[in-house]
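Contents: one structure, followed by commentary.
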Number of protein chains: 2
Amino acid sequence: MAVAGDKVVGIGDYRGKREVDLSGAYLAPGFVEGHIHIESSMLAPAEFARAVIPHGTTTVIADPHELANVLGLEGINYMIEQSLGLPMTIYFMIPSCVPSSPLETSGAALSAREIHYFVNEENVLGLGEVMNWPSVLDGEQATLDKLLATEGKRIDGHCPGLRGKDLNAYILAGMKSDHESVSVEEAREKLRLGMHVMVREGSTARNLETLAPLVRELSHVRMSLITDDKHPVELADEGHIDCLLRRAVACGIDPITAIQMVTLNPAKYFGTSHIGGIAPRYYADFAVLEDLKGFRVTQVYHRGRLVAGNGRMLAEIPAAPATPLRASMNVNWAAWKGLGIPAEAKRVHAIVYQPGQLTTGRTLLEIDVRDGMAVANPQRDIAKLAVVERHRATGNVGLGFIAGFGLKRGAIASSVAHDAHNIICLGVDDADMELAIRTISDLEGGVLIAIDGEVRASLPLPIGGLMSDRPLDEVRAMMSNLLDAARETGCTNPDPFTALSFLALPVIPSLKLTDLGLADVEGFRHLPLFEQ
Amino acid sequence: MAVAGDKVVGIGDYRGKREVDLSGAYLAPGFVEGHIHIESSMLAPAEFARAVIPHGTTTVIADPHELANVLGLEGINYMIEQSLGLPMTIYFMIPSCVPSSPLETSGAALSAREIHYFVNEENVLGLGEVMNWPSVLDGEQATLDKLLATEGKRIDGHCPGLRGKDLNAYILAGMKSDHESVSVEEAREKLRLGMHVMVREGSTARNLETLAPLVRELSHVRMSLITDDKHPVELADEGHIDCLLRRAVACGIDPITAIQMVTLNPAKYFGTSHIGGIAPRYYADFAVLEDLKGFRVTQVYHRGRLVAGNGRMLAEIPAAPATPLRASMNVNWAAWKGLGIPAEAKRVHAIVYQPGQLTTGRTLLEIDVRDGMAVANPQRDIAKLAVVERHRATGNVGLGFIAGFGLKRGAIASSVAHDAHNIICLGVDDADMELAIRTISDLEGGVLIAIDGEVRASLPLPIGGLMSDRPLDEVRAMMSNLLDAARETGCTNPDPFTALSFLALPVIPSLKLTDLGLADVEGFRHLPLFEQ
């Protein structure tokens, strides 16, 4: 194969100024991640690139939904600007659902007008996952305006469990993909109705094993394999797309089909016509593979340049542009009234934690009362939960209780709390909770654990309260410390931070807590803490 | 399936204001013709539509290469304007090679600048088949400018027999499709290098049977089935895309694959995202099929409207816009010197007709001389050939001889003569030849046969000298009369008019005759008639 400049120019018997012998290896197109929120890696774009390029990823389609919820236009611009000049290609889908719910206070709101600022940018491919499918089905003008603002570009869907006429109507409105199928039947229906089905296998949701039979049956060009979210520990320990390929083949998927699902198929779906294949006029983006089972990536080329080899970056990551990004912690400490909850009644509406699920249950429980205050009780596995608004200094603090999380000591807290990313803190001791919340505010964001009046471990996330400014190995190490410290709290949850980060998300059933109080997701309303 | 307005809105258990029961039938997307020169049907766009819609065709991608060679910008505009408002969709690829050769005099020349006028029109999809591959490989600026002028749009290729590095270079320049493969190996190489391979099965070239094994093996989404050219007799007797489907299945191709090759595959290739499938948001274009073998089309819907049923048009074809189109016959009769050829030497370079081929052979032969003039001799099967320039009144008349065509009496003539479409006439009697040529000029174009001083049969083609203004059945009847008359000339060629129309094309080897004289195709130069 002959390369000139950044492109493949021919396949055949060529001689070159520089020749590379790849005998015995497999040459695949550079991997394309079809849908990811880079923020979930807790890495800034440059460090994310440094982390994934050695694993063969040369193109990423990113949806900066998280930072957009915190910093709006500035957040999207930051992600775009920080992605320029990297030795990989990052395309963007503009977040469609900011905020994702009126039941919480986010840092920004994006209407069709704001979205339209970005749609004609060169590295913007379209509109990010339209999660608010009820507003689509209801024909809400604000949502339809967003679809119209991006017409002619790709519009990604997100419609878990949507079937039948509702699914038809959703597709009719313009959504061309979905990555939320959790059964073969659901995925098959979406494919039959013309959708591009992205099989998601990430850190928070894994559907590959379930959907593998459909892939094996169809080997369909309208199927991709994506991560959606990939947390730093897994990124460090498992890799990125190479990990998806290993798992796909372990699930019995033909390796060539698996490679197409992370190269040509997503590239075609997104209309990026010079990516995802090895042929004249395609960009010279390659992953050199040792075999088609372990998928060890021995070399990575981007735009004709060797950028990584044997798991290490070779190309320099250019210094990130000095995008001025405002601090994102804006808690109204003047209005702070502490975390005490005067006992207004005997029973409270409480969240019931469901291990391994993003959904929660709900219950009415007798709450312990001490000095007139409703309190947590680790013996009964009842913890307190607080969500502190941190964008607009509203002074909002949502307070409530959660059963079954397993915390026995101290407090854990995070500024990563989908989707508004206020500060969330779960604890059994008010002092530890306040320490945790104040420290996160001081750090300009982060994840931490406080026990007995001391911060035991922390991971600062100064970029929007979502991302570190450090490389993956340092983030991985800090996260290890945090997981160690988590065990000191008595919590047996293998990943309490991810669990915590979804307890404030009022679009996943059934009971959540936001800065505005308990949110009854199905009822689409707030619920008073105490039984009335 | 539910339709609202011009679109499919859902598939499922719907009720409608109007309901159609298609029990026992097959519902296919309306057929998409991926590459055709409508002019080859000898029908104006409206009559072409009337002829093909009942056969299930709802979308055509047309390359008005022929009329562009005659009338340039005006010709392209005519085809576009005449296609508006029809009960089918006609997209255009702008002809890239006008003129196709400097060895003849065409009516127009289109550079990148002229092509650019059209590229952003709504129903223009890109640049038509780039036949001049040598100029691509040579990096000729005028050709590269045309490719640049249409960048970002589809560019169709046309590269018969191109392989290896030349093929790589051609693809690198931007051509994304080819429809000239005549072997499985050639088509496979083009597919592997990323091309969309159109399997051609038309009136002048048929590759389906040869390429069917590759289709059966791959069932590839990057393969389509197209006609390129479809003459009126075959259009009337065999149909259009339905005929391709019958033949494909007869060649052992899976019927669903065959249907995809004339629906979804070409639609995806051309980036026409709402065509070629049956799913929400797709246009309600359908062909209702009786079965998947005979592919009898019982109903045709375009944009949700029943437009044809049981082989007959139901929708009205709106009156064609009164596009003012100038007369295209501009022969310089003042300079006319007749068809006599003074015998300058004993031997002439002569074309050797090869039955069933577009290529010709060449020979040096002793020519009969009468009264000092070189003359035809039907006993030796040597006819005279004349090409009369008819665009710019240059007075050019190319004269020569052809062996083996089989004409024993009279003359046959046509204003369809690829690619410049000057008047071509083949005969054994100068008086009949002159009558034929003058009559074609008087008719403003056409095909005719003159015997013994009488026009025996004619088909007027007043639109650019290429197309009739009559419906298919009348054109078919006139063509039948012409074929009957052809037999009176003693000619046993089943389609002498098509054969005649390629004798002036100086891009197909080896010896042709243009208005500028004998053209040595391989030598890319003119040849004197007499041996020097």
Total residues in the stretch B:501-526, condition over 25 Å from B:Pro232 (Cα atoms), surrounded by fewer than 19 Cβ atoms within 10 Å (Cβ to Cβ) and among the hydrophobic types (A, V, I, L, M, F, W, C): 1
Residues in the stretch B:392-407: is at least one in contact with a Cys (Cβ under 8 Å, 6 or more places away or on another chain), modelled with pLDDT of 95 or more, surrounded by 15 or more Cβ atoms within 10 Å (Cβ to Cβ) and not aliphatic (A, V, I, L, M)? yes
Given the conditions (1) modelled with pLDDT of 95 or more; (2) closer than 28 Å to B:Asn77 by Cβ; (3) touching a strand residue (DSSP E or B) at 6+ places or on another chain (Cβ under 9 Å), and given that B:Glu121 satisfies all but one, which numbered condition is not satisfied? (1)
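Is one or more of the residues making up the stretch B:203-219 within 21 Å of B:Ile253 (Cα to Cα), within 13 Å of another protein chain (Cβ to nearest Cβ) and either modelled with pLDDT of 95 or more or not in a helix (DSSP H, G or I) (or both)? If you could, list the steps in order and put the result at the bottom.
As a first pass, look at the stretch B:203-219 and keep what is within 21 Å of B:Ile253 (Cα to Cα): B:203, B:205-219.
Checking which are within 13 Å of another protein chain (Cβ to nearest Cβ) leaves us with B:218-219.
If we keep only those that are either modelled with pLDDT of 95 or more or not in a helix (DSSP H, G or I) (or both) as well, we get B:219.
So far as the stretch B:203-219 goes, yes, one or more of its residues are within 21 Å of B:Ile253 (Cα to Cα), within 13 Å of another protein chain (Cβ to nearest Cβ) and either modelled with pLDDT of 95 or more or not in a helix (DSSP H, G or I) (or both).
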B:Thr227 - would you say it is away from chain A (no Cβ under 14 Å) and surrounded by 24 or more Cβ atoms within 10 Å (Cβ to Cβ)? yes
Would you call A:Ser273 under 29 Å from A:Val8 (Cα atoms) and small (Gly, Ala, Ser)? yes
So for the stretch A:404-419 (the condition being of a type in the set (Lys, Arg) and farther than 28 Å from A:His65 by Cα), does at least one residue qualify? yes
Regarding the stretch B:99-108, can at least one residue be identified that is among the hydroxyl-bearing types (Ser, Thr, Tyr) and free of Cβ contacts under 8 Å to residues at least 60 places away in the same chain? no
Go through (1) surrounded by fewer than 18 Cβ atoms within 10 Å (Cβ to Cβ); (2) hydroxyl-bearing (Ser, Thr, Tyr); (3) farther than 20 Å from A:Leu466 by Cβ and name the single condition A:Thr323 misses. (3)
Among B:Arg113, B:Arg200, which is basic (Lys, Arg), away from chain A (no Cβ under 14 Å) and outside any helix (DSSP H, G or I)? B:Arg200
Return yes when A:Val60 is surrounded by 16 or more Cβ atoms within 10 Å (Cβ to Cβ) and within 14 Å of another protein chain (Cβ to nearest Cβ) and no when it is not. no
Residues of the stretch A:1-10 being of a type in the set (Lys, Arg) and part of a loop (DSSP other than H, G, I, E, B), in sequence order, are none
Residues of the stretch A:244-265 being under 22 Å from the mean Cα position of the chain (by Cα) and more than 22 Å from A:His196 (Cβ to Cβ), which ones? A:Arg246
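State whether the residues of the stretch B:167-176 include one that is more than 23 Å from A:Ala4 (Cα to Cα) and either part of a helix (DSSP H, G or I) or among the charged types (D, E, K, R) (or both).
Going residue by residue through the stretch B:167-176, those that are more than 23 Å from A:Ala4 (Cα to Cα) are none.
No, the conditions are met nowhere in the stretch B:167-176.
Suppose the filter is within 14 Å of another protein chain (Cβ to nearest Cβ) and on the phi > 0 side of the Ramachandran plot; does B:Gly157 pass it?
Working: within 14 Å of another protein chain (Cβ to nearest Cβ): yes; on the phi > 0 side of the Ramachandran plot: no.
No: the conditions fail for B:Gly157.
Of the residues in the stretch B:439-450, how many are among the β-branched types (Val, Ile, Thr) and surrounded by fewer than 24 Cβ atoms within 10 Å (Cβ to Cβ)? Reasoning before the result, please.
If we filter the stretch B:439-450 for residues that are among the β-branched types (Val, Ile, Thr), which is where we start, we get B:439-440, B:447, B:449.
The next check asks that each one be surrounded by fewer than 24 Cβ atoms within 10 Å (Cβ to Cβ); those that pass are B:439.
So the answer is 1.
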When A:Asn120 is evaluated against the numbered criteria (1) touching a residue at least 40 places away in the same chain (Cβ under 8 Å); (2) polar (S, T, N, Q); (3) in a loop (DSSP other than H, G, I, E, B), which criterion, by number, is the only one it fails? (1)
Just the residues that are touching a Lys or Arg at 6+ places or on another chain (Cβ under 6 Å) and either within 14 Å of another protein chain (Cβ to nearest Cβ) or in a loop (DSSP other than H, G, I, E, B) (or both), please, taken from the stretch A:11-43. A:Gly12
Whether any residue in the stretch A:500-510 is touching a Pro at 6+ places or on another chain (Cβ under 9 Å), in contact (Cβ under 8 Å) with a residue 40 or more places away in the chain and not in a loop (DSSP other than H, G, I, E, B) is what I want to check. no
For the stretch B:142-163, pairs from a residue that is outside any loop (DSSP other than H, G, I, E, B) to a residue that is crowded, with 20+ Cβ neighbours inside 10 Å and β-branched (Val, Ile, Thr), with Cβ under 6 Å and 6 or more apart or across chains, are B:Thr143/B:Val136; B:Lys146/B:Ile115; B:Ala149/B:Ile115; B:Gly157/B:Val130
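How many residues does the stretch B:508-532 hold that are of a type in the set (Gly, Ala, Ser) and out of contact with any His (no Cβ under 7 Å at 6 or more places or on another chain)? Even if it seems obvious, please write down each step before you answer.
Keep residues of the stretch B:508-532 that are of a type in the set (Gly, Ala, Ser), which gives B:510, B:517, B:519, B:523.
The next check asks that each one be out of contact with any His (no Cβ under 7 Å at 6 or more places or on another chain); those that pass are B:510, B:523.
Total meeting the criteria: 2.
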Failed item in (1) at pLDDT below 95; (2) surrounded by 21 or more Cβ atoms within 10 Å (Cβ to Cβ), with A:Pro134 passing the rest: (2)
Filter result for A:Thr498 (surrounded by fewer than 22 Cβ atoms within 10 Å (Cβ to Cβ) and not charged (D, E, K, R)): yes
Would you please name the residue that is nearest to the other protein chains (Cβ to nearest Cβ), looking only at residues in the stretch B:164-186 that are out of contact with any Lys or Arg (no Cβ under 8 Å at 6 or more places or on another chain) and buried (at least 23 other Cβ atoms within 10 Å of the Cβ)? B:Asn168
Scan the stretch B:44-58 for residues that are part of a loop (DSSP other than H, G, I, E, B) and touching a Phe, Trp or Tyr at 6+ places or on another chain (Cβ under 8 Å) and jot them down. B:Gly56
Answer residue from the stretch A:59-110, given it is in a loop (DSSP other than H, G, I, E, B) and of a type in the set (A, V, I, L, M) and is farthest from A:Asp228 (Cα to Cα) among those: A:Leu103
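The values are calculated or read from the model by the stated rules, or taken from the named source; none is laboratory data. Just so we're clear, the structure is a prediction, and the values are computed from it rather than from any experiment. Every residue, glycine as well, gets a Cβ built from its backbone with ideal geometry; the counts of neighbours run over all protein chains shown.
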